[in-house]
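First the structure, in the form of structure tokens, and then the observations on it.
Quick note: the coordinates plus some simple rules give every number you see, no bench work behind them. Everything numeric here is computed off the predicted structure, so don't read it as measured data. Note: ideal-geometry Cβ built from the backbone for every residue, glycine included; neighbour counts use all protein chains shown.
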């Protein structure tokens, strides 16, 4: 827990065993040609059923996220047909069921009929992202790179982002299929285009145990 708190990320190797990985890959087969999909667990219930719920719950308990629920879920697949660069950023938006005038909630947008908003830092600081790797990824295959410890400085302006990136060499989160990456949303992260352009599928699950101020609720809350 100390490493996650100080660094903002933690890799758990071989989180999925061979059978669990094969089951999850099979469940993802209908969307294997997609490069990105929002609300993947709602759209593909077989994927939700294939997730190792008890093992994920154990991880959440270990890191102080008891009773947390998935509040956003995405599928990413960087490959030869869809190969993109992600610039340095923090994950600063959440999905809600409606728009409301609430102090501290700003930059409202709508994406695929879902309201997105930037909440106060306190909401983001109490979230945890879990990323399950379905394929190997390294620095040449679009692996995530992060600025360790950058989550401790709260929301950063564009200038502050550049200062952080210029001050510290990034760490590459190279993963093998079946590995699990834990990450704080405010951790600065990015990824390069894949040189090898091999498939790099990731299930991205954002958890929170915090209730939003009424009348707003989480739009994608999922319990496993």
The chain: relative contact order in percent, alpha carbon pairs under 8 Å with at least 6 residues between = 35 percent
Gaussian network model of the chain, springs between alpha carbon atoms under 10 Å - residue of 104, 64, 154 with greatest fluctuation = 104
Estimated 222 nm signal from helices in the chain, with DSSP H stretches of n ≥ 4 weighted -39500 (n - 2.57), rounded to 500 = -6000 deg cm²/dmol
Evaluate E = 1/(1 + (r/R0)^6) for residue 38 and residue 89, where r is the Cβ-Cβ distance and R0 equals 30 Å; express this FRET efficiency to the nearest 0.05.
-> 0.95
For residue 66 and residue 18, extending 7 Å from Cα along the Cα-Cβ vector and measuring point to point gives, in nm, a value of 3.7 nm
Based on the Cβ-Cβ distance of residue 160 and residue 49, what FRET efficiency does E = 1/(1 + (r/R0)^6) give at R0 = 30 Å, to the nearest 0.05?
-> 0.10
Which value, in Å to one decimal place, does the Kirkwood hydrodynamic radius take for region 2-208 when every pair of different Cα atoms is included?
-> 17.7 Å
